[in-house]
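Written below as structure tokens is the structure these notes are about.
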Amino acid sequence: MRFGLLINEPSGSDPFPQLRDRIARAADDGFDSAWMSQIFGLDALTALAAAGGAVLAGGRDIELGTGVVPTYPRHPAVLAQQAMTANAALGGRLTLGIGLSHQIVIENMYGYSYAKPARHMKEYLDVLLPLTRGEQVDYTGETVRANIRLGTPGAGLPVLIAALGPRMLKLAGSVADGTVLWMTGRRTVAEHIVPTITAAAREAGRPEPRVVCTLPVCVTDDPDAARAKADEIFAMYGQLPSYRAMLDREGVESPGGVAVVGDEDAVRAQLDALAEAGVTDFVAAVYGDRERAHKVLIGASKG
């Protein structure tokens, strides 16, 4: 299992020095990857290209990923062009994670219809994926149309989908390179995520898919307090339908129930269990004592 960090947007009016430092430290500490979410602050692809490009130019080597860029606000050709440009700036070290976001965001904030999201994602990928391979696209779907070929450098980047339900997991396995998860616990990964996406990939004759599992991590001697803190920090995710479904499937009441918490031995055991469940890449959203958590994660990454 590979190990990464969720670096997300630092605070302040000039976040780029902090962002560069976070990427550089992740690389120096031996992490395989660093990931950035797309929420309502910095544009993740632009930020990774700017901050990550400076770090990689100094000779460091680390995968940089988006977890995830919402599809609806961008035409797939526009996203393909932006992602390939960022990938070129990063020397081919970008992994593009995309997702549907949530109905409350897409309809209430952006004003787009969220009807039939699985159909939207299939049609979106029908355009996005061949464009990121440098191919011509002539496509007319119900939600997406495109007649274009891009001359952008940086083609060939991996594309992952934020897939949780069966239809999205089958899509991720059959046409994309895997999935990016959030708020999805070990049992759900082992019994639902991995079997569904792996079967779809095999049926389509594709390589084994990546399962990038992102979870809150806190190394502490007071796990009950740490889970309560996770419930506080990540409360909104327990209310969004897609993540609520994963928590229900796991049999927990709130985000703290899937957080990786405990002392060094307990956290290491939970990481081992995730690897056994089929997680290929674990990405830590660290809260609490960062230095203590990083030591455990670095040790686990080295076996």
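The table for this structure:
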| quantity | calculated |
| --- | --- |
| Single residue of ARG149, ARG167 found to be of a type in the set (D, E, K, R) and under 15 Å from GLN81 (Cβ atoms) | ARG149 |
| Out of PRO130, PRO195, sole residue that is farther than 25 Å from LEU6 by Cα and in contact with a strand residue (DSSP E or B) (Cβ under 6 Å, 6 or more places away or on another chain) | PRO130 |
| Yes/no for SER174 being surrounded by fewer than 21 Cβ atoms within 10 Å (Cβ to Cβ), over 30 Å from GLU291 (Cβ atoms) and touching a residue at least 12 places away in the same chain (Cβ under 8 Å) | yes |
| Residue check for ALA225: among the small types (Gly, Ala, Ser) and out of contact with any helix residue (DSSP H, G or I) (no Cβ under 7 Å at 6 or more places or on another chain) | yes |
| Flag if ARG292 is among the charged types (D, E, K, R) and under 19 Å from the mean Cα position of the chain (by Cα) | no |
| Scan of region 271-285 for residues that are assigned to a helix (DSSP H, G or I), of a type outside the set (Gly, Ala, Ser) and under 24 Å from MET36 (Cβ atoms), ordered by number | LEU271, LEU274 |
| Verdict on PRO130 being closer than 15 Å to VAL78 by Cα and surrounded by fewer than 21 Cβ atoms within 10 Å (Cβ to Cβ) | yes |
| Any hit, region 211-223, residues being under 22 Å from the mean Cα position of the chain (by Cα), outside any strand (DSSP E or B) and at pLDDT 95 or above | no |
| Count of residues meeting criterion [small (Gly, Ala, Ser) and part of a helix (DSSP H, G or I)] in region 286-303 | 4 |
| Criterion (of a type in the set (Gly, Ala, Ser), touching a Ser or Thr at 6+ places or on another chain (Cβ under 6 Å), surrounded by 19 or more Cβ atoms within 10 Å (Cβ to Cβ) and not in a loop (DSSP other than H, G, I, E, B)) met by exactly one of GLY4, GLY52 | GLY4 |
| Residues of region 58-106 that turn out to be among the polar types (S, T, N, Q), assigned to a loop (DSSP other than H, G, I, E, B) and surrounded by fewer than 22 Cβ atoms within 10 Å (Cβ to Cβ), as a count | 0 |
| Residue in region 139-148 that is surrounded by the most Cβ atoms within 10 Å (Cβ to Cβ), counting only those that are in contact with a strand residue (DSSP E or B) (Cβ under 7 Å, 6 or more places away or on another chain) and touching a residue at least 12 places away in the same chain (Cβ under 8 Å) | ALA146 |
| Which numbered condition VAL261 fails, given (1) of a type in the set (A, V, I, L, M); (2) outside any helix (DSSP H, G or I); (3) over 21 Å from the mean Cα position of the chain (by Cα) | (3) |
| Complete set of residues in region 83-101 that are of a type outside the set (A, V, I, L, M) and more than 24 Å from GLU142 (Cα to Cα) | THR85, ASN87, GLY91, GLY92, ARG93, THR95 |
| Test result for GLU232, buried (at least 16 other Cβ atoms within 10 Å of the Cβ) and acidic (Asp, Glu) | no |
| Considering residues of region 155-171 that are without any contact (Cβ under 8 Å) to a residue 60 or more places away in the chain and not aliphatic (A, V, I, L, M) only, the residue surrounded by the fewest Cβ atoms within 10 Å (Cβ to Cβ) | PRO166 |
| Scope region 7-21; condition within 20 Å of the chain's Cα centre (by Cα) and free of Cβ contacts under 8 Å to residues at least 24 places away in the same chain; matching residues | PRO10 |
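The values are calculated or read from the model by the stated rules, or taken from the named source; none is laboratory data. Computed from a predicted model, the values in this text were never measured in an experiment. Cβ: placed from backbone, ideal geometry, glycine included. Neighbour counts: every protein chain shown.
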